[in-house]
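Written out below as C-alpha cells is the structure these notes cover.
The values are calculated or read from the model by the stated rules, or taken from the named source; none is laboratory data. All values derive from a computational prediction rather than experimental measurement. We place every Cβ from the backbone using ideal geometry, glycine too, and count neighbours over all the protein chains shown.
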Amino acid sequence: MNPAQSTQGTVKERADVALNNDFLRNAVKFTTERLRSGKQAAATEHGNWEEWRERGRQIRLHTIAHLDYYLNTFVENARKNGVHVHFAPDTAAATDIVMTIARHKQAESVVKSKSMVSEELHINRALELAGIETIESDLGEYIIQLAGEGPSHIVIPAIHKNRYQIAELLSEDAGEELPPDTTILAGYVRRKLREKFLGADIGMTGCNFAIAETGSMVLFENEGNARMVTTLPKTQITLMGMERIIPSWEDLEVMATLLPRSATGQRLTMYMSGITGPKRTADGDGPEEMHIIIVDNGRSEQLGDPEFQELLNCIRCGACLNVCPVYRHIGGHSYGGTYSGPIGAVLTPALNRNVAEWDDIANASSLCGACYEACPVKIPLHDMLVYLRRRKVERGHGNRWESLGMKGFAVLMANSKRLALALKMGRIAQKPVVHDKGITIKMGPLKGWNTYRVAPSMADHSFREHWQELSEETRRTAPPMDAQTRDRMEQILRQRRASGITGGQHE
Amino acid sequence: MKVSLFITCLSDAIYPRVGEAMVRLLAAHGVQLDFPPVQTCCGQPSYNSGYWEETRTAAKTILKAFESSDFVVSPSGSCTYMVHHYPELFKDDPHWLQLAHELEAKTYEFTQFLVQVLGITDVGAHFPYKVTYHPSCHGSRLLGVREEPMTLLSQVRGLELVPLPFAEDCCGFGGTFAVKMSDISGAMVSEKVDHIKETEAQVLVGLDMACLMNIAGNLRHRGEQVRVMHLAELLYEGVGVT
C-alpha cells in the first residue's frame, strides 16, 4: 500500500507527505479547479439551482426519515423482480455474502464498475485472497488498482496522478512502453478490459440510487463500463449503502439534475442505467442471476442522531472535495479513509464510531463552509466537524494541553478585568521579541505560524484603554443623528419587536 | 437608542485602529457608539475546538454586556456569526436562550450596519489606490454579507477595485487550525497571497481582522509591500475626518 494512503499516523503526518509532493498537489489542483468551475457553470446555466438544491435536500430528508419504510418497499419490489436481496450489518457480513455467491458460482474472475461501498469493504482484497481475479473497469479505478492504492477522490479516484505517472503504470501493465497520450492510454485499457468483460463470471457494481417504488437500481457513469459489467457476466452483484434509496422515479429527476452537475458539471453523465431485475426471457442481454447486498456498516448508527443523520443524505457527488481548500493542498489519501475531503472527514469517524482514533481528521478543516455551499443537498458539514471535535472533548479524548489552555481561556474571558490585565502583561512580555511591530520567533504556538508569517505585536494601547478618550472626542465633535436615520433605526426596532424573535439573518 | 460596539478581542488587543475608525466614522453619521467594557471574547476559539462549556462562559459575558443594547455592531463577520451559535449553546437554559435570541437578532457586522440599518452606501470617501477585496468565509458564506462591502467600495472616489482570483477560497486562518495544522494553513495562505500579488493591488481590504492578520503576516514574511486594511479603516481614511 502506498504510504500516502496509510491509515497509520496522524492526519498531520499524512498531510505533510502530500504537501511535499508537487506532482500530487498540481494534479489535484488542476482537476478540482476544472470540476468546480464546471459545476459553477452548470448551476448557473440551470437557472434555478438553489430551488432544486432545496428539492434535493427535502427528498433526502424525507427518505432518510422514513428509511425503514422505503427500504422495505424497495426490497419487496426487488424480490418481485427476481433479485436476491441480502442485508449486511458490517464488512465481515458483506464479504461473507460475496464470497458465498462467488464460491457457489465457482467464479474465477470478477469485473467491477466503480463502487465506493466496495472500497469501504475492501472487497477486492477478500476476493483476491480467495484466488479470484478482480478487475476494476473504471479507468481511474483501474489505474489505482495497478498502483495498489485506494481512491483519493469520490468521483475521480486517480485525481492525484498525472498522465506521465499513469503512462508509467500502464506501460508496466502492458509490458511495453506507452506514450503519455491520453487517447492511446485509454485505448490500451479499453482493449484490455474487453477481454475481461467477456471472460468474467461475476459483474460487481455499486449503486447511485435505488428506486423504492419499482425495486430498481440506477447507475451514473461516463465510460460505459458499468453497462458492460451489468450485461455481460452471468451473475451480477450490486453493493449498496442502505441509504442509497429514493422513493420514486420522479425523485430521480431531481437527483439526476443535481448529481452530474455537482460532480463534473455535466448536464447528465454519458450513461445512466436503470436496472430492474435480472435478464427476462425476452431480453437480449443481462445477468441470469442478480444479487443486491444492502450494507449498513455504521450507517444506521446515524439514524436518530440529530447532529449526524443528515450525513445519510449524501449523494456522493464529490462537490465538497472540489471546493475544499484543504483537500486541494493535501489530496484524498491524507484523510486516511475510503472517503476523503470534508464528507470523508465526517463520514469516516461517524461510520467507524471510534471517536478517539478517527477524529483527528476533523481538525483538518478551517471551517470555511465551502463544502456546505457546494453540497447539492445542503449537508452542514462545517457544523458536523465542530460536533465531532466537541464529542471528542466530552468523552475525555481531548488533548491535555489544549484542554488546559481552554480552561485558561474561559477564566480570562469570564471577566473583562482579568482580560485587560492579561493584555497588559502580554504587552510587557512581548517586548524582548518585538521588532517593528512584528514577532518572528519560531517557538511554542508561534512555531508553525511564524514559519509562514510574521506575527503582529500587541498594540501599544488596547482599544478599551483608549475608549474613554475616544468617547469624549466623538461626543465633542460628532453631529447629532439626522431624523431620517433615526426613523430607519426605530422602524427596525419596531419590526423586531413585532416579529418576535426569529433569530434569523438581518435582511 | 443604544448602539454598542462589540470590539472583538483581536481588534481590542492588536488592531485598536479598526475600532477607532469605526467609532469615528459612525460618529460622523450621528451614531454615538457605546462600549460596554465588560465584554470579552465571543468564544469562537473554544467553540470551534469543541470546548463548549468554556464557550458558554465567554458567551455569557457577551450576552450580559449587550443585554440593554438596541443594536450591536462588530468589525468581524466571524464574531458576528458566532453569536448565531449562542441559542444552540443555551438551548436548555431559558434565561440565557432568551438573551441569545435577542442578541442574534440585534447584532450586525459593520457593513451590514452601515448599509442595512443606517442606509448608507456612500460615506463620501476618496481613496485613489488599486484595491482588492478578500471576502472572509464566515462573513460572506455563513452570515451572507456579500453585497454590502461591494456597494460601499463601488462608491469610493478614485478607488480602482481589482477582482481577486479565487476570492472565495479560505485564507487558511481557521482559528486554532492555523496552529494545529500549520503546514496546511501555511499552504493555503501562501496561495492566497499568490493571488493577491497577481492583482497587483496596492491595498488588500477585508471585513475580518483574523483573516487579514493571517494574510498580512504572510505578505510581510515574503517582503511584499501590499497594505492590509479593514474596510472601516479604508473608509475612514478616505473621508479624511481626523
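For the range A:194-211, the condition of being surrounded by fewer than 16 Cβ atoms within 10 Å (Cβ to Cβ) and among the basic types (Lys, Arg) holds for at least one residue. Of the candidates A:270, A:255, the single residue that is crowded, with 21+ Cβ neighbours inside 10 Å, touching a strand residue (DSSP E or B) at 6+ places or on another chain (Cβ under 9 Å) and more than 22 Å from residue A:119 (Cα to Cα) is A:255. Would you confirm whether or not the range B:115-133 contains a residue that is under 24 Å from residue B:41 (Cα atoms), under 19 Å from the mean Cα position of the chain (by Cα), more than 7 Å from every other protein chain (Cβ to nearest Cβ) and not charged (D, E, K, R)? No - not one qualifying residue is present in the range B:115-133.
Elements of the type helices (runs of 4 or more DSSP H) sitting completely within the range A:74-131 and holding at least 1 residues that are more than 23 Å from the chain's Cα centre (by Cα) and either modelled with pLDDT under 95 or among the polar types (S, T, N, Q) (or both): these cover A:91-104. Contact annotation: residue pairs with Cβ atoms under 7 Å, 6 or more positions apart or on different chains, pairing a residue in the range B:115-143 that is under 26 Å from residue B:173 (Cα atoms) with a partner that is of a type in the set (Lys, Arg), are B:135/B:146; B:140/B:146. Elements of the type helices (runs of 4 or more DSSP H) sitting completely within the range B:37-151 and holding at least 2 residues that are closer than 24 Å to residue A:371 by Cβ and in contact with a His (Cβ under 6 Å, 6 or more places away or on another chain): these cover B:77-83. Scan the range A:21-37 for residues that are exposed (fewer than 13 other Cβ atoms within 10 Å of the Cβ) and among the charged types (D, E, K, R) and the total you get is 1. Considering only residues in the range B:1-15 that are without any contact (Cβ under 8 Å) to a residue 40 or more places away in the chain and over 12 Å from the mean Cα position of the chain (by Cα), the one that is surrounded by the fewest Cβ atoms within 10 Å (Cβ to Cβ) turns out to be B:13. As for the range A:38-47, it holds at least one residue that is farther than 26 Å from residue A:120 by Cα, buried (at least 19 other Cβ atoms within 10 Å of the Cβ) and basic (Lys, Arg).
Filtering the range A:435-469 down to residues that are of a type in the set (A, V, I, L, M, F, W, C) and facing another protein chain (nearest Cβ under 9 Å), which residue is farthest from residue B:182 (Cα to Cα)? Going through the qualifying residues, I end up with A:467. Taking the range B:168-223 as the region of interest, the helices (runs of 4 or more DSSP H) fully inside it that hold 1 or more residues being in contact with a His (Cβ under 9 Å, 6 or more places away or on another chain) are B:182-199, B:209-221. When each of A:439, A:428 is tested for being aliphatic (A, V, I, L, M) and touching a strand residue (DSSP E or B) at 6+ places or on another chain (Cβ under 6 Å), the lone residue that passes is A:439.
Scanning the range A:380-413 for residues that are outside any helix (DSSP H, G or I), surrounded by 16 or more Cβ atoms within 10 Å (Cβ to Cβ) and either at the interface with chain B (Cβ under 8 Å from one of its Cβ atoms) or of a type in the set (Gly, Ala, Ser) (or both) gives a single hit, A:398. Which residues, counting only those in the range A:432-464, are surrounded by fewer than 16 Cβ atoms within 10 Å (Cβ to Cβ) and without any contact (Cβ under 8 Å) to a residue 12 or more places away in the chain? Matches in the range A:432-464: A:432, A:433, A:435, A:436, A:441, A:442, A:443, A:444, A:445, A:447, A:451, A:461. Of all residues in the range B:122-137, those satisfying the criterion of being surrounded by 14 or more Cβ atoms within 10 Å (Cβ to Cβ) and more than 19 Å from residue B:193 (Cα to Cα) are B:123, B:124, B:125, B:127. Residue count for the range A:269-295, restricted to those that are at pLDDT 95 or above, among the hydroxyl-bearing types (Ser, Thr, Tyr) and over 25 Å from residue A:96 (Cα atoms): 3. Scanning the range B:149-172 for residues that are buried (at least 23 other Cβ atoms within 10 Å of the Cβ) and not aliphatic (A, V, I, L, M) yields B:149, B:170, B:171, B:172. In the range A:414-431, which residue that is facing chain B (nearest Cβ under 7 Å) and either in contact (Cβ under 8 Å) with a residue 12 or more places away in the chain or not in a loop (DSSP other than H, G, I, E, B) (or both) is nearest to residue A:454 (Cα to Cα)? Top of the filtered list is A:423. Residues considered: B:31, B:72, B:18, B:23. Of these, the only one that is more than 7 Å from chain A (Cβ to nearest Cβ), within 19 Å of residue B:2 (Cβ to Cβ) and crowded, with 20+ Cβ neighbours inside 10 Å is B:72. Restricting the range B:84-98 to residues that are facing chain A (nearest Cβ under 10 Å) and either in contact with a Gly (Cβ under 8 Å, 6 or more places away or on another chain) or in contact (Cβ under 8 Å) with a residue 12 or more places away in the chain (or both) leaves a set whose member that is surrounded by the most Cβ atoms within 10 Å (Cβ to Cβ) is B:86. State yes or no: is residue A:168 among the acidic types (Asp, Glu), loosely packed, with under 15 Cβ neighbours inside 10 Å, out of contact with any Ser or Thr (no Cβ under 7 Å at 6 or more places or on another chain) and not in a loop (DSSP other than H, G, I, E, B)? When the stated conditions are applied, residue A:168 does not pass them.
When residue A:239 is tested against (1) within 20 Å of residue A:80 (Cα to Cα); (2) surrounded by fewer than 21 Cβ atoms within 10 Å (Cβ to Cβ); (3) hydrophobic (A, V, I, L, M, F, W, C), exactly one condition is not met: (2). The set of residues in the range B:193-229 that are farther than 14 Å from residue B:129 by Cα, touching a residue at least 40 places away in the same chain (Cβ under 8 Å), away from chain A (no Cβ under 13 Å) and out of contact with any strand residue (DSSP E or B) (no Cβ under 6 Å at 6 or more places or on another chain) comprises B:206, B:207. Close Cβ contacts (under 9 Å, 6 or more residues apart or on different chains) running from residues in the range B:56-78 that are farther than 27 Å from residue B:233 by Cα and touching a residue at least 12 places away in the same chain (Cβ under 8 Å) to residues that are assigned to a loop (DSSP other than H, G, I, E, B) and charged (D, E, K, R) comprise B:56/B:93; B:68/B:2.
Per-residue answers, yes or no, for (1) among the β-branched types (Val, Ile, Thr); (2) at pLDDT 95 or above; (3) under 24 Å from residue A:383 (Cβ atoms):
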| position | (1), (2), (3) |
| --- | --- |
| B:57 | yes, yes, yes |
| B:64 | no, yes, no |
| B:81 | no, yes, yes |
| B:84 | no, yes, yes |
| B:92 | no, yes, yes |
| B:102 | no, yes, yes |
| B:115 | yes, yes, no |
| B:120 | yes, yes, no |
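The residues of the range B:21-36 that are over 16 Å from residue B:99 (Cβ atoms) and either without any contact (Cβ under 8 Å) to a residue 40 or more places away in the chain or in a loop (DSSP other than H, G, I, E, B) (or both), listed by number, are B:23, B:27, B:29, B:30, B:31, B:32, B:34, B:35.
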